[in-house]
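Remarks on the structure that follows.
The values are calculated or read from the model by the stated rules, or taken from the named source; none is laboratory data. Fair warning: this is a prediction, and the values are worked out from it, not measured in the lab. Neighbour counts are summed over all protein chains in view; Cβ atoms, including those assigned to glycine, are modelled from backbone coordinates with ideal geometry. In case anyone asks, the SASA skips ligands and DNA or RNA and just uses the protein heavy atoms, side chains included. Shrake-Rupley method; radii C 1.70, N 1.55, O 1.52, S 1.80 Å.
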Amino acid sequence: MHFNKENFEVNTYSYNGREIRYRAFMNRSYVDKPADPAFQIINIFVPECYYSGESINGYNLQNAPIFIPNSVGGYMPGPAMVPGPMLFGEAPINSLFFALEHGYVVASPGIRGRIWTYGKAPACIVDYKAAIRYLRHFKDEVPGDVNKIITNGTSAGGALSALMGVTGNHPDYEPYLEGIGAAKERDDIFAASCYCPIINLENADTAYEWQFNNVNEYHRINMEFNGDAPPTFIPEDGLLTDEQIQISDELKAMFPQYINKLSLKDNDGNSLSLDAYGTGSFLSYIESLLVDSADKAIKSGLDLSKETWLTIKDGKAIGVDFFQYAKQVTRMKVPPAFDNLSLEAPENELFGNKEYPARHFTQYGVFHSKVHGKIAEEKTISLLNPVAYVGSADTALAKHWRIRHGQADRDTSLAISAILVLKLKEAGRKVDYALPWGIPHSGDYDLEELFAWIDKICLT
Ligand code: DHB
């Protein structure tokens, strides 16, 4: 493990008449015993003007926050990025460009993924931690303020950012970190930014059916890979079979028990629970989040009068029907949405091991397995679940949180991000949480707002 600050390139990148000029420290191994030496590397970028004593937005070589986005999607390997075009997705330019332009130091680690035997859970979170330990190890040479580390990610990458925020320095990860020769440093972070985190996988199936039960049509886009050509996207529309409808009913019925066990409370200390039908104060809480989302959209000038699931009075959103909302956004996944009974979901592969390429991670899944699937160890499953670690005595919980879950997201239930937020609040954290109107499963769509939030928390 080395840093060597004399070994760098100076690059420029232009986009829409905006140009960044930055110093790039490329391809540093962030561990001493990598499973994949070419992949477990980190790139570090610094605004070049900092080296001639200039500052941007009040930041300089010493005090700039360190923004650490990950490129993980679908729990696939997430390579170390460079400022410029997006790897995938609609946005033409990645967050690294804008973060450098804004004055942050940016670090981007490569993170192992589920398709590799050495990329199974918990490899992804172990790599993210190891990368942060590396930055701390070389803090006297690496620019920026290691006390102002902000992680950022979307979907599976949002899950990793959330995990970074809740599991800081937790001893459970130590053997894995030792295994890859990570630096003996702290790995807690200052702030976590999470877009539509795919978390709480062992409860995501019941949450999904609580939301989408009775929505029997599904619409999804399948990504198909043909050799080295870019993937093609093929839409698939279908109808749940009788068996799937029965599975949906069974999973939905299990959700209230989980929610009630959590003893969640709203901002006023009222308990949030569900009755056997899946209705009650927790449902009202989720509905209130949608009301807030609609209200903001109306205030910004959108006409939502045609949304049949929404009640608007005197130009204000005052109520929603959650189950009508679910019908309107439409179902994407067939039940069980995550722990697939034939082990065909990305998450099944994530929980594989050397012996089995894919495993179950719920009791329901293993009990109803169509392929005699095995279940992953309880500990391995919980190592990937931020909800399991919030409030744990052995962890340094990130001080600041920003979580976005698009109002039109159908990849996981809105309950999933809400549960994390409620647990964080219970642990004493303020969370900047919203369900932005009309936004599907995606991230980085409001970087200006994200950066304004980062600037604010770094100044206080
Ligand atoms: C992602 C999306 C999913 O629907 C899922 O189950 C896992 C990961 C993603 O986009 O990262």
> Taking the stretch 58-79, which residues are among the aliphatic types (A, V, I, L, M) and either over 22 Å from Glu101 (Cα atoms) or out of contact with any helix residue (DSSP H, G or I) (no Cβ under 9 Å at 6 or more places or on another chain) (or both)?
Replying inline: Val72, Met76
> Does the stretch 71-123 hold any residues that are modelled with pLDDT under 95 and either farther than 30 Å from Ala337 by Cβ or outside any loop (DSSP other than H, G, I, E, B) (or both), and which are they?
Replying inline: Gly84, Pro85, Pro92, Ile93
>> Suppose we filter the stretch 316-343 for residues that are touching a strand residue (DSSP E or B) at 6+ places or on another chain (Cβ under 7 Å) and of a type in the set (Asp, Glu); how many remain?
In response: 1
> Asn267 fails exactly one of the following numbered conditions: (1) assigned by TED's automatic domain parsing to the domain that holds Gly119; (2) open to solvent by 30 Å² or more (accessible area, probe 1.4 Å). What is the number of that condition?
Replying inline: (1)
> Looking at the stretch 47-101, which of its residues are at positive phi and either open to solvent by 60 Å² or more (accessible area, probe 1.4 Å) or within 15 Å of the ligand (Cβ to nearest atom) (or both)?
Replying inline: Gly53, Asn57, Gly74, Tyr75, Gly89
> Which of the residues that make up the stretch 231-245 are among the aliphatic types (A, V, I, L, M), closer than 22 Å to Asn214 by Cα and part of a strand (DSSP E or B)?
Replying inline: Leu239
>> For the stretch 340-370: of the residues being in a helix (DSSP H, G or I) and away from the ligand (no atom under 15 Å from the Cβ), which is least open to solvent (accessible area, probe 1.4 Å)?
In response: Tyr364
> Could you list, in sequence order, the residues of the stretch 124-145 that are closer than 23 Å to Phe39 by Cα and either among the hydrophobic types (A, V, I, L, M, F, W, C) or assigned to a strand (DSSP E or B) (or both)?
Replying inline: Cys124, Ile125, Val126, Ala130, Ala131, Ile132, Leu135, Phe138, Val142
> Can you find a residue in the stretch 198-213 that is surrounded by 12 or more Cβ atoms within 10 Å (Cβ to Cβ), more than 16 Å from the ligand (Cβ to nearest atom) and part of a helix (DSSP H, G or I)?
Replying inline: yes
> What number of residues within the stretch 371-390 satisfy the criterion of being part of a loop (DSSP other than H, G, I, E, B) and surrounded by 15 or more Cβ atoms within 10 Å (Cβ to Cβ)?
Replying inline: 6
> Taking the stretch 415-438 only, how many residues are away from the ligand (no atom under 14 Å from the Cβ) and under 23 Å from Val215 (Cα atoms)?
Replying inline: 7
> What number of residues within the stretch 431-460 satisfy the criterion of being surrounded by fewer than 18 Cβ atoms within 10 Å (Cβ to Cβ) and over 18 Å from the mean Cα position of the chain (by Cα)?
Replying inline: 7
> Exactly one of (1) open to solvent by 30 Å² or more (accessible area, probe 1.4 Å); (2) modelled with pLDDT of 95 or more; (3) in a loop (DSSP other than H, G, I, E, B) is unmet by Lys425. Its number?
Replying inline: (3)
> In the stretch 27-39, which residues are within 25 Å of the chain's Cα centre (by Cα), touching a residue at least 24 places away in the same chain (Cβ under 8 Å) and on the phi < 0 side of the Ramachandran plot?
Replying inline: Arg28, Ser29, Tyr30, Val31, Pro34, Ala35, Asp36, Phe39
> Applying the selection to the stretch 153-189, what residues are within 16 Å of the ligand (Cβ to nearest atom) and either in a strand (DSSP E or B) or at pLDDT below 95 (or both)?
Replying inline: Gly153, Thr154
